[in-house]
1. Being more than 14 Å from every other protein chain (Cβ to nearest Cβ) and of a type in the set (S, T, N, Q) is true for just one of B:T51, B:T34, B:T22. Which residue is that?
2. Cβ-Cβ under 8 Å, sequence separation 6+ or interchain: first residue in the stretch A:150-170 and polar (S, T, N, Q), partner in a helix (DSSP H, G or I). Which pairs?
3. In the stretch B:136-153, is there at least one residue being over 22 Å from B:E5 (Cβ atoms) and surrounded by fewer than 19 Cβ atoms within 10 Å (Cβ to Cβ)?
4. So which residues in the stretch B:81-117 are more than 16 Å from B:M166 (Cα to Cα), surrounded by fewer than 24 Cβ atoms within 10 Å (Cβ to Cβ) and either of a type outside the set (A, V, I, L, M) or in contact with a helix residue (DSSP H, G or I) (Cβ under 7 Å, 6 or more places away or on another chain) (or both), if there are any at all?
5. Yes or no: the stretch B:53-67 includes at least one residue that is at pLDDT 95 or above, of a type outside the set (K, R) and in contact with an Asp or Glu (Cβ under 7 Å, 6 or more places away or on another chain).
6. Of the residues A:G53, A:G76, which is out of contact with any Leu (no Cβ under 6 Å at 6 or more places or on another chain), within 20 Å of B:I57 (Cβ to Cβ) and at the interface with chain B (Cβ under 9 Å from one of its Cβ atoms)?
7. Which of the residues spanning the stretch B:1-20 are assigned to a loop (DSSP other than H, G, I, E, B) and farther than 13 Å from B:D138 by Cβ?
8. Quick check on my filter: what residues within the stretch A:150-169 are out of contact with any Asp or Glu (no Cβ under 6 Å at 6 or more places or on another chain) and of a type in the set (A, V, I, L, M)?
Amino acid sequence: MTASTSRMSLDSALTALARRRAEQVVVSTMTALAPWRERAGTDRDLVCVGFMGGASSLGLGVALARPDVPVWIIDGDGSLAMQLGSLITIAHAAPRRFLHVVMHNGVYDTSGAQPLPAEGAVSFAGLAGAAGYARAVRFDNAESFDAALDELLEVDGPVLAELMTEATGAAYRVNPPPDAKPTPVLAQTWPRVARALA
Amino acid sequence: MPLAESIPAPALLDALRAAGVTDVVAVPDTHQRTLIELLQADPDIRFIQTTTEDEAIALAAGLVVGGRRPLVQIQHAGMYASVNNLRGVAIDGGFPLVLLIGLLGRDPRKPPRENFDSMVRYAEPLLDALEVPHVLLDGPADLPRLAEAARLAAARSGPVAVFVGMTTA
């Protein structure tokens, strides 16, 4: 496979998704997390912070508990690479309304934009297709993703959309040490999602 | 004189039911092979297999969000492999998860932390370091500890480990 030369902005990719935001449970992680929550966050948003690679497994659990609720994952390429076996687990579990978006910017964006191993060769859509996802497609511009998204959301089975995105340059910022023990963000958010689903 | 004896898999399955378990999220464990065989055929408890223990913990957390009462079934080696998700999902996320952990290779004549095998010896001290409560099933008489572990996990909003001391029969 040759390297993709065309990439979309993260913002344009999230815009296409935000336009369809309704009752889905959405699990977001890493670079996309903050802009997604600002743009389209609801009480059905879960976050994957501090356990890189776990977003899709967390979302799969929700999907298996509540097959009536669509689940979207907004994943990162470096994140997914850390738990690549999750593609096999998801394909086997075959959640029916499960959109797995992978923002493929080719770098570890928040840690200084170090390139992914095998960047330019690896295809996450190819890996997902080989694992047994119902559909796996790569997009290198937001217009084609936007045009295909409604049809992808109708697929009966897990779908992976690999979006070739530009790096944002958003470096990770270390917060100052708190004076009191904070409640981790996942502990803040999941009870709200559980209540929304109850 | 052994300290531990095997637990028959049907009795362990009954204990899972008594604890209200709806789903078992598992990575195969030689130590609990006979229980896995029963779970795979069980009509009531859903058996979900993952490729890593990290996944198992995160997936089980998602099941909790959706209103289920899952249990994570792994081996001690998998516990070591999944420490970050144990910390970042189960502990920090405050998920009431019970982990059923097989102590493969455990010398039944000794308490786990006195075993020569490092996988057995470090299992309890690791969870002590992570402030995760744990209990040991060293025979059928210990089975009520499983439901107690589930109650404790719910009460503390966090993980509780249940070690399976000997290979299930």
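The values are calculated or read from the model by the stated rules, or taken from the named source; none is laboratory data. Everything quoted here is computed from the prediction, not taken from an experiment. Positions of Cβ are generated from backbone atoms using ideal geometry, with glycine treated the same way; all protein chains shown enter the neighbour counts.
1. Values: B:T51 fails: more than 14 Å from every other protein chain (Cβ to nearest Cβ); B:T22 fails: more than 14 Å from every other protein chain (Cβ to nearest Cβ).
Going through B:T51, B:T34, B:T22 in turn, the sole match is B:T34.
2. Every condition considered, the pairs that remain are A:T165/A:L10; A:T165/A:A13; A:T168/A:L10; A:T168/A:T31; A:T168/A:D109.
3. To start, the set of residues in the stretch B:136-153 that are over 22 Å from B:E5 (Cβ atoms) comprises B:150-153.
Still in the list and also surrounded by fewer than 19 Cβ atoms within 10 Å (Cβ to Cβ): B:151-152.
Scanning the stretch B:136-153, I find at least one residue that is over 22 Å from B:E5 (Cβ atoms) and surrounded by fewer than 19 Cβ atoms within 10 Å (Cβ to Cβ), so the answer is yes.
4. B:A81, B:N84, B:R87, B:G88, B:D92, B:G94, B:P96, listed by residue number.
5. Applying the first criterion (at pLDDT 95 or above) to the stretch B:53-67 yields B:53-67.
So of that shortlist, the ones also of a type outside the set (K, R) come out as B:53-67.
From what is left, the residues that are in contact with an Asp or Glu (Cβ under 7 Å, 6 or more places away or on another chain) are B:63.
Yes, some residue in the stretch B:53-67 is at pLDDT 95 or above, of a type outside the set (K, R) and in contact with an Asp or Glu (Cβ under 7 Å, 6 or more places away or on another chain).
6. Answer to the selection: A:G53.
7. We begin by selecting, within the stretch B:1-20, every residue assigned to a loop (DSSP other than H, G, I, E, B); these are B:1-8, B:19-20.
Selection gives B:P8, B:A19, B:G20.
8. If the condition is that a residue be out of contact with any Asp or Glu (no Cβ under 6 Å at 6 or more places or on another chain) and of a type in the set (A, V, I, L, M), then A:L152, A:L153, A:V155, A:V159, A:L160, A:A161, A:L163 are the ones that fit.
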